[in-house]
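Here the structure comes first, spelled out in structure tokens, and everything after it is commentary.
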Amino acid sequence: MNNPNQATNYRTHYCGELSAENISNQVSVCGWVKRRREHGEKLAFIDLYDHTGIIQCVVDEKLNLGGEFVLKITGTVSERPEGTVNPNIKTGDVELTECEVEILNKAEPPPIPLDERVEVDENLRLRYRYLDLRKEKIQKNLRVRAKINEAFRSSMSEQGFLELETPLLIVSTPEGARDFVVPSRLHNGNFYALPQSPQIFKQLAMVGGIDRYYQIARCLRDEDLRADRQFEFMQLDVEASFVNQEDIIEIITAATKNALCAVLGDEISEAVEFSEMTYETAMENYGSDKPDTRFEMLLTDITQIFENTQANVFKAECLKAINVLGGVDKISRAQIDDLTDFSKKLGAKGLAWFKVGPKVDAAESLDGPLTKFLSADEMKALVESVSASSGDLILVIADTHQVANRVLGQIRVQLGTELSLTSGNEIQSAEDLNFVWVTDFPLFEGLDETGTPICAHHLFTMPHEDDIDLLVTGGGEGMLKARSLAYDLVLNGWELGSGSIRIHKPDIQERVFAALGLSEEETKKRFGYFLDAYKFGAPPHGGFALGIDRFTALLSGEENIREVIAFPKTQTGQDPMTGAPNRISDIHLKELGVQVPPEEK
RNA sequence: GGUCCUGUGGUGCAGCCUGGAGUGCACGCCGCCCUGUCAAGGCGGAGGUCGCGGGUUCAAAUCCCGUCAGGACCGCCA
């Protein structure tokens, strides 16, 4: 027996683990009826399945079975007669014969087909999630997820990290995402918040001398949902003392590699590369802080070429171009129009395009609606700057620096999909997984309407040592140049996680607060307990948090994290199975000291 | 808060553009037949508030407006 510990008084084997090695063994299997093929009174084939797979059982009597009936079948493992082997299933060499069938439970016909090939409406899938879960794909995904969690735990433990639990009922802070809140019964009118992350606690754990903390933590954010976002999600949450950025990168890389090995095996995992690039490089070359580095087609700055141009549309702060190799044949005019619409939706004024023809003279070979406004020198320089040759398509966005990068970056990703420049979500080899550490994130992401900087990460992020002076001398715009010791881990264009080195010295923290225009009184009110802690000898420390849902989705070849979550919610945050969220009784509300608007109709 | 796509027997689709009887396909379900099938096969049958509301029209699944639900995205997610 392969899994002796999983034999029970009901069964000796799982359906999917029977093979030629078991031939002539008497076995018992339990599971659900996948399909039946009945041939009159004396012969029927029953495909019984559990999470491990399907086994064909040969029954020589007429049974009144329905799909999804729960059976225990005891029989003999037999080699299939010649010509009846089924190579499509794992157990296709064998079948169960001389079967004794016990119906453990009947089942109504399922409201959704449990056939993998049928794509069922999301609402129905979630309403009957317990049936959806029986499908092979989700079973596999959830097991990948468990393996990842297990590998993370063992790696963190090996690296000397202590698994520490932090509270779910915490204090609400105005920073960051919207909090989910919980009314207090004992303190009417007061609310707990559910943690957006255990950030505060893991940092205080460092002050507390825990040294190395980790947790597979549930985080909750009341923001609108997306394919890669649910209200509640899981993070591998990490914090360590006496470390710098390189230490954290090393620790997380090791944990991530351990998870890759667990899921994909050692051979592929060891060949997977982790690269590093600065935020600035990512933005300039990929137009994104989460660059998909599986393919090239980098953004090129061509602003200088058109410094004195006569073409009005190119009189802009910044011009960026990408060269679509062979794009003339691969991209239709209709696709270009779609991309133009796409750019406009994303905030650009338009998308300029040039087809490169076969002529030697660059100016003569270019074709496109804007060529008549450009000089020969400009066209020549354009073609050279992106190393274009005959058959290539050059796309240009002229706008502000920020818009040009962002929009062209999204077009690049879109084209990556349309032109199949990546393997999509399939993972066949190490090249299909491209990890990038993006470092040197800016400390501030912009200025608010009063000219005050807005934190890019959080308030406790350590500024880059070379840029600390900018906080004092830089002024509003100047401060935006300040870098921080914040970093992201990116996989195939998805932000997997982020972290930073924290400020552990009160004087630096004060400088950041001052830059943000926060008075001492205000910071005391908002973060008093936290700042107090840092007066009593906080060690240098930093950390990271890695999104388990996204990581699992990517390793499972899924585009939506719902596919790797057992009981997810819809895009509007509802659970069609349980009906959450719902109204609660007036008595309940009264006890909590909460008033709500009357129910409509 | 916004944009786009989708909503038709239990399920997945077609029909909608160009209005004319709830029309069609596949799966599932029920009944009968069938001793080597494996997405079994054959014959027969049941099953519908065309998401909901309003409008236009002699007539609406189809056109228009609104609304609800699902999905993708923008905003948002320190």
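The values are calculated or read from the model by the stated rules, or taken from the named source; none is laboratory data. Nothing here was measured: the structure is a model prediction, and the numbers come from that model. Using ideal geometry, Cβ is built from the backbone for each residue, glycine included, and neighbour counts are taken over all protein chains shown. Side chains are part of the model used for accessible areas, which takes the heavy atoms of the whole protein and leaves out ligands, DNA and RNA. Shrake-Rupley method; radii C 1.70, N 1.55, O 1.52, S 1.80 Å.
So the values come out like this:
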item: Conditions (1) within 26 Å of A:GLU150 (Cβ to Cβ); (2) open to solvent by 60 Å² or more (accessible area, probe 1.4 Å); (3) not hydrophobic (A, V, I, L, M, F, W, C); number of the one not met by A:SER197; result: (2)
item: Which listed residue is more than 15 Å from RNA strand B (Cβ to nearest atom), part of a strand (DSSP E or B) and outside the structural domain of A:MET577 (by TED's automatic domain parsing), from A:THR12, A:THR74, A:THR97, A:THR8; result: A:THR74
item: Any hit, the stretch A:301-321, residues being open to solvent by 10 Å² or more (accessible area, probe 1.4 Å) and within 23 Å of A:THR422 (Cα to Cα); result: no
item: Some residue of the stretch A:78-89 being more than 10 Å from RNA strand B (Cβ to nearest atom), closer than 22 Å to A:CYS30 by Cβ and open to solvent by less than 70 Å² (accessible area, probe 1.4 Å); result: no
item: Residues that are among the aliphatic types (A, V, I, L, M) and not in a loop (DSSP other than H, G, I, E, B), drawn from the stretch A:218-238; result: A:LEU220, A:MET234, A:LEU236, A:VAL238
item: A:PRO597 vs. criteria more than 30 Å from A:GLU246 (Cβ to Cβ) and within 11 Å of RNA strand B (Cβ to nearest atom); result: no
item: Qualifying positions in the stretch A:217-264 - surrounded by fewer than 17 Cβ atoms within 10 Å (Cβ to Cβ) and more than 15 Å from RNA strand B (Cβ to nearest atom); result: A:PHE242, A:ASN244, A:GLU246, A:ASP247, A:GLU250, A:THR253, A:ALA254
item: Breaking point among (1) surrounded by 20 or more Cβ atoms within 10 Å (Cβ to Cβ); (2) in the same structural domain as A:CYS219 (by TED's automatic domain parsing), for A:ARG502; result: (2)
item: Among (1) touching a residue at least 12 places away in the same chain (Cβ under 8 Å); (2) outside any helix (DSSP H, G or I); (3) away from RNA strand B (no atom under 12 Å from the Cβ) - the single one A:LEU531 does not satisfy; result: (2)
item: Residue identified as closer than 30 Å to A:PRO540 by Cα and either open to solvent by 20 Å² or more (accessible area, probe 1.4 Å) or not in a loop (DSSP other than H, G, I, E, B) (or both) among A:GLU445, A:GLU431; result: A:GLU445
item: Where A:VAL396 falls short, out of the listed (1) closer than 21 Å to A:ARG412 by Cα; (2) open to solvent by 30 Å² or more (accessible area, probe 1.4 Å); (3) not small (Gly, Ala, Ser); result: (2)
item: The stretch A:239-268: number of residues that are of a type in the set (S, T, N, Q) and in a strand (DSSP E or B); result: 1
item: Boolean, A:VAL436 is β-branched (Val, Ile, Thr) and in a helix (DSSP H, G or I); result: no
item: Helices (runs of 4 or more DSSP H) contained entirely in the stretch A:101-190, each with at least 1 residues that are of a type in the set (S, T, N, Q) and within 16 Å of RNA strand B (Cβ to nearest atom); result: A:122-127, A:136-158
item: Subset of the stretch A:21-41 [of a type outside the set (Val, Ile, Thr), within 16 Å of RNA strand B (Cβ to nearest atom) and surrounded by fewer than 18 Cβ atoms within 10 Å (Cβ to Cβ)]; result: A:SER24, A:ARG35, A:ARG36, A:ARG37, A:GLU38, A:HIS39, A:GLY40, A:GLU41
item: Residue within the stretch A:563-578 that is over 30 Å from A:TYR286 (Cα atoms) and without any contact (Cβ under 8 Å) to a residue 24 or more places away in the chain present; result: yes
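So that you can scan it fast, the table gives a plain yes or no per residue for (1) open to solvent by less than 10 Å² (accessible area, probe 1.4 Å); (2) within 13 Å of RNA strand B (Cβ to nearest atom); (3) not assigned by TED's automatic domain parsing to the domain that holds A:ASN149:
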| site | (1), (2), (3) |
| --- | --- |
| A:ILE454 | no, yes, yes |
| A:LEU459 | no, yes, yes |
| A:HIS464 | no, no, yes |
| A:LEU480 | no, no, yes |
| A:LEU491 | yes, no, yes |
| A:GLY497 | yes, yes, yes |
| A:GLN509 | no, no, yes |
| A:THR552 | yes, no, no |
